């Protein structure tokens, strides 16, 4: 736990407790932390700590009975679509759907979900920022 | 020409730089982490680019993302603020390679001052007094003991790559040195990736006095007088700073100003920088280090000189000559800055996080607030606990202290703990009011409390 040191986790837990949140999820690079707080117990009680891999994306968005998720940029740079990056294409979680070019290096963009691409939001050479939605996927 | 500036920083300093850019008609681009999306610096900029998740290493210290943000934004210059990439030569070099101007000194000057041993050598070469100590890196514990006995205890073990008060250990006798040597080395290796150490005489209860300098790219370099920064916490971090140093003789002011200019000139310095000194009770001064960036406490210099330091930084970065000579720089009155931090003074200054439910900031004549927070803003655990700078100005020190006292009393924050109650007690201390301060003040004050 280089990035997610105990101090950071403690602060996050304290913040969560003060604001009445039950679940804490922190992610830093490849490291992830998930904690569930028992808000009925006094503050001195140690929260239940679980270290587990976490997905970055929020819960799927519901629209008229269908669930959509977005494939997001995980770097800042220029986007280049891959062959799967088009409307109606079926993608599996982990499929490379394009790349982001930054400082002369090409970084793969992988799909965080499995499903069908319903909308592409960026095109060849578009500058993208971190977390920007690149495509919508019906899951 | 500089028409669009990306500010590679967060919080109050990013906002402060944006304000000057706007006044100068320069377009601004903010960067932010996902945790900072509601920060005022993001709202104030003409555009903003998200560079990563909450932690510093993922966002503000993610070199590729910050550089690419500068590129895709079309900015022709980058202001680094303080901390983060402000003193990283790699960053300045990469920007130069991309054809983007770094608003700061040259890579050569950052390098020359970034290494404490090299900086000390530069000061000696510029006939600037330095604290007696090892002539460069100390090879081993035995050498450290030999040097310490030569210059006399107490001594400080200092990490060559240290900064911000980190990587320093006081040693009072040869008996302690062995143990502390290993501890200091391990700490330095862990914190800075460099275990090289210096040994220096520990000047007892000195004042920390620093001189602001600024140079252009045509060889002109001036100083903008001093700042007194002795009020530091137990980790040697500044809490309250003022300008000028009221008790200083004109002769010392002149000697220190000239020494600062000599040191900076020796490394071909341009843009804003600060030469830090220790001053003992007999007005001996010793070069400590040079910070090759804008300082947190620069507003007190602005208050007494009437200059906008960020404006000067941008003007010299775009190739202009300094708009004033040394003789034209004057100061008037007295300014004090108090750093407001989200820390609980009743819990050993532990960081406090959460939602700010109430934020009643002080105002009135002679009061300046630099902050990126507001009621409804959430303080996250990922960043430095400083959430605001309260800067007051008065005709003299007594008036400035009165203004600070009133302003702190007026300042009400709820939802998080802050150091405001501690600052209220501090400014009421008789020694503080009399200006009888040194770097030993806070430890003593806390001991008495």
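The values are calculated or read from the model by the stated rules, or taken from the named source; none is laboratory data. Only a predicted model underlies this, so the values are computations on that prediction, with no experimental measurement involved. For neighbour counting, all protein chains shown are included, and Cβ atoms are generated from backbone atoms with ideal geometry for every residue, glycine included.
Look through the range B:162-187, keep the residues that are within 22 Å of residue B:113 (Cα to Cα) and in a strand (DSSP E or B), and return whichever of them is nearest to the chain's Cα centre (by Cα).
Start the filter on the range B:162-187 by keeping residues that are within 22 Å of residue B:113 (Cα to Cα), which leaves B:162-169, B:184-185, B:187.
If we keep only those that are in a strand (DSSP E or B) as well, we get B:162-163, B:166-169.
Values: B:162: 14, B:163: 10, B:166: 13, B:167: 16, B:168: 17, B:169: 20 Å.
Step by step, filter the range B:162-187, then rank; the result is B:163.
Among the residues of the range B:47-65, which ones are within 22 Å of the chain's Cα centre (by Cα) and touching a residue at least 40 places away in the same chain (Cβ under 8 Å)?
B:55, B:56, B:60, listed by residue number.
Checking residue A:77 against (1) within 14 Å of chain B (Cβ to nearest Cβ); (2) under 13 Å from the mean Cα position of the chain (by Cα); (3) at pLDDT 95 or above, only one condition comes out false. Which one?
So residue A:77 meets the others, but not (2).
Is it the case that the range A:4-17 has a residue that's in a loop (DSSP other than H, G, I, E, B) and at pLDDT 70 or above? Even if it seems obvious, please write down each step before you answer.
Initially, the range A:4-17 is screened for residues in a loop (DSSP other than H, G, I, E, B), giving A:4-5.
Next, from what is left, pick out any that are at pLDDT 70 or above: none.
No, the conditions are met nowhere in the range A:4-17.
So residue B:365 fits all but one of (1) more than 14 Å from chain A (Cβ to nearest Cβ); (2) surrounded by 17 or more Cβ atoms within 10 Å (Cβ to Cβ); (3) modelled with pLDDT of 95 or more; what number is the exception?
Single failed check for residue B:365: (2).
Quick one: which of B:69, B:75, B:44, B:14 is over 21 Å from the mean Cα position of the chain (by Cα), at negative phi, more than 14 Å from every other protein chain (Cβ to nearest Cβ) and in contact (Cβ under 8 Å) with a residue 24 or more places away in the chain?
On the way: B:69 fails: more than 14 Å from every other protein chain (Cβ to nearest Cβ); B:75 fails: more than 14 Å from every other protein chain (Cβ to nearest Cβ); B:14 fails: over 21 Å from the mean Cα position of the chain (by Cα).
None of the other options fit; the residue is B:44.
When the residues of the range B:47-57 are narrowed to those that are facing another protein chain (nearest Cβ under 8 Å) and out of contact with any helix residue (DSSP H, G or I) (no Cβ under 6 Å at 6 or more places or on another chain), which ends up surrounded by the most Cβ atoms within 10 Å (Cβ to Cβ)?
Top of the filtered list is B:55.
Quick check: anything in the range B:244-255 surrounded by 18 or more Cβ atoms within 10 Å (Cβ to Cβ), touching a strand residue (DSSP E or B) at 6+ places or on another chain (Cβ under 7 Å) and in contact (Cβ under 8 Å) with a residue 60 or more places away in the chain?
Yes: the range B:244-255 contains one or more residues that are surrounded by 18 or more Cβ atoms within 10 Å (Cβ to Cβ), touching a strand residue (DSSP E or B) at 6+ places or on another chain (Cβ under 7 Å) and in contact (Cβ under 8 Å) with a residue 60 or more places away in the chain.
Do any strands (runs of 3 or more DSSP E) entirely within the range A:90-132 hold 2 or more residues that are in contact with a helix residue (DSSP H, G or I) (Cβ under 9 Å, 6 or more places away or on another chain), and if so, which? Write out each step before concluding.
Working: elements: A:96-102, A:105-110, A:115-120.
Answer list for the range A:90-132: A:96-102, A:105-110.
So, of the residues in the range B:227-241 that are outside any strand (DSSP E or B) and touching a helix residue (DSSP H, G or I) at 6+ places or on another chain (Cβ under 9 Å), which turns out to be nearest to residue B:212 (Cα to Cα)?
Initial filter on the range B:227-241 (outside any strand (DSSP E or B)): B:233-237.
Subset that is touching a helix residue (DSSP H, G or I) at 6+ places or on another chain (Cβ under 9 Å): B:233-234.
On the way: B:233: 22, B:234: 24 Å.
Restricting to residues being outside any strand (DSSP E or B) and touching a helix residue (DSSP H, G or I) at 6+ places or on another chain (Cβ under 9 Å), the top hit is B:233.
With respect to the numbered conditions (1) part of a loop (DSSP other than H, G, I, E, B); (2) free of Cβ contacts under 8 Å to residues at least 12 places away in the same chain, which one is the sole condition not fulfilled by residue B:205?
Only one criterion in (1) part of a loop (DSSP other than H, G, I, E, B); (2) free of Cβ contacts under 8 Å to residues at least 12 places away in the same chain is unmet by residue B:205, namely (2).
If you check A:125, A:82, which single one turns out to be on the phi > 0 side of the Ramachandran plot and at pLDDT 95 or above? Reasoning before the result, please.
On the way: A:82 fails: on the phi > 0 side of the Ramachandran plot.
The match here is A:125.
Hey, any hits in the range B:188-195 for a residue that's in a helix (DSSP H, G or I), buried (at least 19 other Cβ atoms within 10 Å of the Cβ) and not assigned by TED's automatic domain parsing to the domain that holds residue B:277?
Scanning the range B:188-195 turns up at least one residue that is in a helix (DSSP H, G or I), buried (at least 19 other Cβ atoms within 10 Å of the Cβ) and not assigned by TED's automatic domain parsing to the domain that holds residue B:277.
Taking the range A:87-109 as the region of interest, how many residues are closer than 26 Å to residue B:64 by Cβ and either free of Cβ contacts under 8 Å to residues at least 24 places away in the same chain or within 14 Å of another protein chain (Cβ to nearest Cβ) (or both)?
14
Of all the residues that make up the range B:370-410, how many are over 15 Å from residue B:11 (Cα atoms), buried (at least 21 other Cβ atoms within 10 Å of the Cβ) and within 14 Å of another protein chain (Cβ to nearest Cβ)?
Here the count works out to 0.
Just to be sure before I move on: is residue B:159 at negative phi, buried (at least 19 other Cβ atoms within 10 Å of the Cβ) and assigned to a helix (DSSP H, G or I) in the structure I sent? Break it down into steps so the answer makes sense when it comes.
Details: at negative phi: yes; buried (at least 19 other Cβ atoms within 10 Å of the Cβ): yes; assigned to a helix (DSSP H, G or I): no.
No: the conditions fail for residue B:159.
Could you tell me how many of the residues in the range B:411-434 are touching a strand residue (DSSP E or B) at 6+ places or on another chain (Cβ under 9 Å) and surrounded by 15 or more Cβ atoms within 10 Å (Cβ to Cβ)?
Just the residues of the range B:411-434 that are touching a strand residue (DSSP E or B) at 6+ places or on another chain (Cβ under 9 Å), to begin with: B:411-420, B:422-423, B:426-427, B:432.
If we keep only those that are surrounded by 15 or more Cβ atoms within 10 Å (Cβ to Cβ) as well, we get B:411, B:413, B:415-420, B:422-423, B:426-427, B:432.
Residues meeting the conditions: 13.
Consider residue B:433 carefully, then state whether it is part of a helix (DSSP H, G or I), in contact with a helix residue (DSSP H, G or I) (Cβ under 7 Å, 6 or more places away or on another chain) and farther than 30 Å from residue B:37 by Cα. Give the steps one after another, and end with the answer.
Numbers: part of a helix (DSSP H, G or I): yes; in contact with a helix residue (DSSP H, G or I) (Cβ under 7 Å, 6 or more places away or on another chain): yes; farther than 30 Å from residue B:37 by Cα: yes.
Here the answer is yes, as residue B:433 does meet what is asked.
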